[in-house]
1. Name the residue that is farthest from residue 78 (Cα to Cα), counting only residues in the range 29-52 that are acidic (Asp, Glu) and either assigned to a loop (DSSP other than H, G, I, E, B) or touching a residue at least 12 places away in the same chain (Cβ under 8 Å) (or both).
2. How many residues, within the range 33-55, are over 27 Å from residue 84 (Cα atoms) and open to solvent by less than 50 Å² (accessible area, probe 1.4 Å)?
3. (1) more than 17 Å from residue 4 (Cα to Cα); (2) touching a Phe, Trp or Tyr at 6+ places or on another chain (Cβ under 8 Å): which one isn't true of residue 22, the others all being true?
4. Looking at this structure, is residue 10 farther than 30 Å from residue 77 by Cβ and open to solvent by less than 30 Å² (accessible area, probe 1.4 Å)?
5. Assuming residue 30 fulfils every condition listed in (1) surrounded by fewer than 13 Cβ atoms within 10 Å (Cβ to Cβ); (2) touching a strand residue (DSSP E or B) at 6+ places or on another chain (Cβ under 6 Å) apart from one, which condition is it?
6. Residues of the range 63-87 being farther than 30 Å from residue 53 by Cβ, at pLDDT 95 or above and in a helix (DSSP H, G or I), which ones?
7. Are any residues in the range 88-112 outside any helix (DSSP H, G or I), at pLDDT below 95 and surrounded by fewer than 10 Cβ atoms within 10 Å (Cβ to Cβ), and if so, which ones?
Amino acid sequence: MSYIDGFVIAVPNANREQFIEHARTLDVIFLEVGATRVVECWGDDVPDGKLTDFRRAVHATQDESVVFSWIEWPDKATRDAGMKKIMEDPRMPAPGDMPFDGKRMIFGGFKPVVSLPG
């Protein structure tokens, strides 16, 4: 059974290309340590909700876009070992070197319960 790490962040629109370059560099490392797939999605149709929404969840400003990303792993054990390796990897940028404010990132690990086709 697979395991998924999900992320939602606010990225300044001015940093779009810098974010894409950052993701291309970092995502290769995730694949090296056992991830099977990494997907980075730039917000295109992210409406304001009446009670809550993606923008409010990450305190996105008008000059920021919401990015929704996930990492697919073969299982939680591979994910746990891979994340440990990632945090020790010298290629991992320091928090201040990210093209977004990591303090506003929402993230978590998830066990799939439905997957189609599958």
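The values are calculated or read from the model by the stated rules, or taken from the named source; none is laboratory data. The structure displayed is predicted, hence computed values, not measured ones. Cβ: placed from backbone, ideal geometry, glycine included. Neighbour counts: every protein chain shown. Heavy atoms of the whole protein, side chains included, go into the accessibility calculation; ligands, DNA and RNA do not. Shrake-Rupley method; radii C 1.70, N 1.55, O 1.52, S 1.80 Å.
1. Filtering first and then ranking leaves 48.
2. 5
3. (2)
4. Working: farther than 30 Å from residue 77 by Cβ: yes; open to solvent by less than 30 Å² (accessible area, probe 1.4 Å): yes.
Taking the combined requirement at face value, the residue satisfies it.
5. Answer for residue 30: the failing condition is (1).
6. We begin by selecting, within the range 63-87, every residue farther than 30 Å from residue 53 by Cβ; these are 74-75, 77-78, 80-82, 84-85, 87.
If we keep only those that are at pLDDT 95 or above too, we end up with 74-75, 77-78, 80-82, 84-85.
Residues satisfying the conditions are 77, 78, 80, 81, 82, 84, 85.
7. Across the range 88-112, the qualifying residues are 90, 94.
Residue-by-condition table, conditions (1) closer than 26 Å to residue 1 by Cα; (2) more than 16 Å from the chain's Cα centre (by Cα):
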site: 18; (1), (2): no, no
site: 32; (1), (2): yes, yes
site: 36; (1), (2): yes, no
site: 49; (1), (2): no, yes
site: 55; (1), (2): no, no
site: 66; (1), (2): no, no
site: 81; (1), (2): yes, yes
site: 85; (1), (2): yes, yes
site: 108; (1), (2): yes, no
